[in-house]
């Protein structure tokens, strides 16, 4: 125990370099900062990538379901029996028939493309992603033939509020004596929603299913049936089970097939960022090697004196190992704390930086989401912290071994 205290005392004294040893102290400081920045940046970037994927997945599955059943351009006739059969499949929690169509939405001399989705009032109220994100109006009035709920950003683009009327123009016209005439109909806005995903908030128009069937001339039919599962990861198996149940007249695809390129791109970017940012920690580890090597050279006379006084090679090695490990472990701990604090307040920091610089750092039109997400994965954090500490400890081995192998006679001869 006394030897341990002696080794710690010498190691910590060497870390507090005097003015004549300032360059060694500067290298140690840069090594410390490198590990802090490397660990913090890795935690922040991986958490943002995890949050980005998780939020996109929640919103995509929240509005589009885990599985979609289609049957060609004419839609699915007599769909209620199919809905009842699919509800009986293991793992299915909700089955939603719908009618969808592209339209032009106009109001106040402005126009934009929109997607009309016809659902029953009960199904829309059961869709928590929308029902819990109503920012104006109420879904209680979502019924009849003259009511729609639209995204808050779409309403802002067209200058609309709850109670105003929006005009929808369908490219699927009605045949008349003078040719095809686009179907035009205005509806009263009963609710505005903000699900936090720019694409949905700026394009979606929800309409009661019966009215959507009338508007798109789909009487008694549905363009598709959405299926929500208790576990999205079993979507391929559930898709196969439903295909066997319904036969080969229907096209069934899951969320993984529909969004595979997008989520694969996110995963590739996440892995590449991890490799690139790991280089920061590796560079900091090399700085520890160079700093300790210079410290060994600078302290060669001290080492020789310690050896002649009876200090063992193992004790000398532990002195320099403690010095290097202290830099690595303290840098990792500070980086961990900094990274976690940044992730916990990332949206506040983003807004502060935006107000400071006057630039939009997270454009929802580009990144789909309206807020910057961050989801800390404890497993990944442990892996980052463990990797940083391991690299730091490995970086101290060579300089410590070199200090232990120093010949005291040779060191004192050349002093």
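The values are calculated or read from the model by the stated rules, or taken from the named source; none is laboratory data. Note that the structure is predicted; figures quoted are calculated from it, not measured. Cβ placement follows ideal geometry from the backbone for every residue including glycine, while neighbour counts extend to all protein chains displayed.
See the values below:
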{"quantity": "Criterion: surrounded by 15 or more Cβ atoms within 10 Å (Cβ to Cβ), touching a helix residue (DSSP H, G or I) at 6+ places or on another chain (Cβ under 9 Å), in a helix (DSSP H, G or I) and modelled with pLDDT of 75 or more - qualifying residue of 43, 60, 27", "calculated": "43"}
{"quantity": "Failed condition for residue 105, given (1) in a helix (DSSP H, G or I); (2) in contact with a strand residue (DSSP E or B) (Cβ under 9 Å, 6 or more places away or on another chain)", "calculated": "(1)"}
{"quantity": "Test set (1) closer than 22 Å to residue 215 by Cβ; (2) in a helix (DSSP H, G or I); (3) touching a residue at least 40 places away in the same chain (Cβ under 8 Å) - residue 68 fails condition number", "calculated": "(2)"}
{"quantity": "Complete set of residues in the stretch 142-156 that are over 18 Å from residue 96 (Cβ atoms), surrounded by fewer than 17 Cβ atoms within 10 Å (Cβ to Cβ) and either in contact (Cβ under 8 Å) with a residue 40 or more places away in the chain or under 26 Å from the mean Cα position of the chain (by Cα) (or both)", "calculated": "144, 145, 146"}
{"quantity": "Criterion violated by residue 174 - all others in (1) closer than 29 Å to residue 82 by Cβ; (2) at pLDDT 85 or above satisfied", "calculated": "(2)"}
{"quantity": "Out of 280, 252, 242, sole residue that is crowded, with 17+ Cβ neighbours inside 10 Å, touching a residue at least 12 places away in the same chain (Cβ under 8 Å) and assigned to a strand (DSSP E or B)", "calculated": "252"}
{"quantity": "Candidates 337, 319, 333, filtered to the one that is farther than 14 Å from residue 41 by Cβ, under 26 Å from the mean Cα position of the chain (by Cα) and either free of Cβ contacts under 8 Å to residues at least 60 places away in the same chain or assigned to a helix (DSSP H, G or I) (or both)", "calculated": "333"}
